[in-house]
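Report on the structure given below.
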Amino acid sequence: MSSEQRRLTELDHQYIWHPFTQQKHWTESEQPLIVESAEGFDLIDVEGKRYLDGVSSLWCNVHGHSEPELMAALHDQADKLCHSTLLGLTHRPVIELSEKLFKILPEGLSKVFYADAGTTAVEAGLRIALEWWQKQSGEAAKKKRKLLSLDGAYHGDTVGSVTIGFLPAFHGSIEPILVPALRTPPPHMFRFYDGMSEEDALAAALEQLEQTLLREADSIAAFFMEPLVQGAAGIWVQPPEFLRAARELCRKHNVLFLADEVATGFGKTGSLFAVEQGPVSPDIMIIGKGLSAGYLPISAAICSQELYDGFLGGVEEGKTFFYGQTFAGNPLAARVASANLDLLEQRNVLGGLPERIAAMTKALDENVQPLGCVDEVRQCGLMVGIELTKKPGERCPYPAQELAGWRVIYEARKRGVVIRPLGNVIILMPAITMPAQQIERLVQVTADSLRDVLGG
Ligand SMILES: Cc1ncc(COP(=O)(O)O)c(C=O)c1O
């Protein structure tokens, strides 16, 4: 370690509490990767060493880092206006972004409510859903106060988001103070834990969802789901039929349908939005991460005209939506988001996706799938989860204290690749524009690291 790396490491350990990080482990045994800059698909550390960014900087980078056109938009905007509020004022970048967004969003959505992070947009979405029913006339609507979501869902970390996105490993310790929500299993759970066929798992998941709706729809305001892929659960993939049928069931039982596309949006599943593969039109859709190409914090809850109209009235009627953040729809982020949408179109990024997805599938089939330490490889578009097993040929997750995933990603780091584990799953999620050759390198290094650390 150089003296500069040591100085920065000591200061980090002295002052910083990292998200989702066991600080004891971090300060006692980690030699942190201190990122100084980034270029294309590489992160560059303070010593100038390059690392392939295999998780698109927490699932959000779209066109690579320091992309000249995005940087030009950012610099130009910084010279004009860095921040102004959307509370009672508006600004050009957010207006122009909104016009572009509605050209690419699924049909049926017509108003965008901006926020500053995935979780605060989710919170906006669930508040809109809950409050909308409360603002309807009639006693029956007012009884619709519960939220329904999928087992293993993740929707962010505010207490509201955790209510619908409870993951025992992350949120177990605050369970007693959470607002109770109803949960229903996704088809993946049956397949993975009960070894069902894809068809049977789909039928079982839909049956359970319908039973819950039959029993409880009168009290349920909204059903919330991550369409096609439950990312933080460990890339649990659902067939598009689940999405389509779930949406229909919600319509039939008069329950609002919310699609959280924070992780799946902006091409990660192979289409611009995962809901297109239903195709379904949600009542509310949440976007974040890739909206600004992963450069700056901005997110949105986008809803139908009917929901929006439910909040209209004189100030005395109590229909105003009292919710928002200081930096919601920030001009710098909105301007870069606008440039992101331009680039996606001009470069026909989605047109090139099938080739990159196929390169990922082939590399995984050849290098990762055959390894003895691999239980299951799950892929949807460029979202990949590699489930580990301690006993080849059997379902036997590594105990958490063995840090199997962490040992693998540290080995990959030595080989110049950044990836991240989620419990017993290694996640790969390159930027959707990463060329096939770099995708192949990402998979090859992952396979080599798995073999060296956990055995072939
Ligand atoms: C599906 C989903 N929703 C919400 C969030 C929260 O987003 P943020 O971390 O920007 O608050 C995430 C983050 O990974 C996510 O995957």
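A few comments on the model shown:
- When His188, His75, His155 are sorted by how many other C-beta atoms sit within 10 angstrom of their C-beta, beginning with the fewest, the order is His75, His188, His155.
- Taken about its Cα centre, the chain carries a charge dipole of about 360 debye when Lys and Arg each add +1 at the Cβ and Asp and Glu each add -1 at the Cβ.
- Applied to segment 198-204, the Karplus parametrisation 6.51 cos²θ - 1.76 cosθ + 1.60 on θ = phi - 60° returns per-residue 3J(HN,Hα) values of 4, 5, 5, 5, 4, 4, 5 Hz, with x for Gly and Pro.
- At R0 = 51 Å, FRET efficiency that the Cβ-Cβ distance of Glu139 and Ile174 yields, to 0.05: 0.95
- Convex hull volume of the chain per residue (C-alpha atoms, cubic angstrom): 154 Å³
- Per residue, the average separation of C-alpha pairs within less than 8 Å and at least 6 apart gives segment 107-170 a relative contact order of 28 percent.
- Packing, taken as the mean count of other beta carbons within 10 Å per residue, orders the peptides 405-414, 53-62 from highest to lowest as 53-62, 405-414.
- Residues whose placed amide H lies under 5 Å from that of Ser149, excluding near-sequence neighbours: Leu182, Arg183, Thr184, Phe224
- Between Phe223, Val443, His91, the Cα set farthest toward the positive side of the dipole of the chain (charges on each charged residue's Cβ, about the Cα centre) is that of Phe223.
- Only helices enter the 222 nm calculation for the chain: every DSSP H run of n ≥ 4 contributes -39,500 (n - 2.57), and dividing by all residues gives -12000 deg cm²/dmol, rounded to 500.
- Residue (of Ala431, Ser37, Ala246) at the positive-pole extreme of the chain, dipole from beta-carbon charges: Ala246
- Here, segment 7-116 yields an orientationally averaged convex hull projection of 10.6 nm² when only Cα atoms define the hull.
- Around Ile432: net Lys/Arg minus Asp/Glu count, Cβ-Cβ under 9 Å: +2
- Separation of alpha-carbon centers, segment 383-454 and segment 120-196, rounded to whole Å: 30 Å
- Each Lys or Arg adds one and each Asp or Glu subtracts one; over the other residues with Cβ under 15 Å from the Cβ of Leu52, this totals +1.
- Per-residue Karplus couplings for segment 403-413, computed as 6.51 cos²θ - 1.76 cosθ + 1.60 with θ equal to phi - 60°, are listed in order as 6, 4, x, 5, 4, 5, 6, 5, 5, 4, 5 Hz, Gly and Pro entered as x.
- Listed residues Leu126, Cys60, Val112: farthest to the positive end of the dipole of the chain (Cβ charges): Leu126
- ³J(HN,Hα) computed for each position of segment 253-264 - Karplus, 6.51 cos²θ - 1.76 cosθ + 1.60, integer Hz, glycine/proline x: 9, 6, 10, 5, 10, 10, 9, 8, 9, 4, 8, 7
- Sequence-distant residues sharing a close amide H with Ser299 (under 5 Å, placed H): Ala115, Asp116, Ala117, Gly329
- Ranking of Phe192, Phe322, Phe266 by neighbouring Cβ atoms within 10 Å, starting from the fewest: Phe322, Phe192, Phe266.
- Subset of Lys111/Lys135; Lys103/Lys289; Lys103/Lys268; Lys100/Lys362; Lys103/Lys143; Lys146/Lys319 violating a 29 Å alpha-carbon distance limit: Lys100/Lys362; Lys103/Lys143
- Taking all Cα pairs closer than 8 Å and separated by 6 or more residues, the relative contact order of the chain comes to 20 percent.
- Total formal charge among the other residues, if their Cβ is under 15 angstrom from that of Ile128, Lys/Arg +1 and Asp/Glu -1: 0
Read-outs: derived from the displayed coordinates by stated rules, not from any lab. All figures in this text were calculated on a predicted structure; none of them were measured in a lab. Neighbour counts are summed over all protein chains in view; Cβ atoms, including those assigned to glycine, are modelled from backbone coordinates with ideal geometry.
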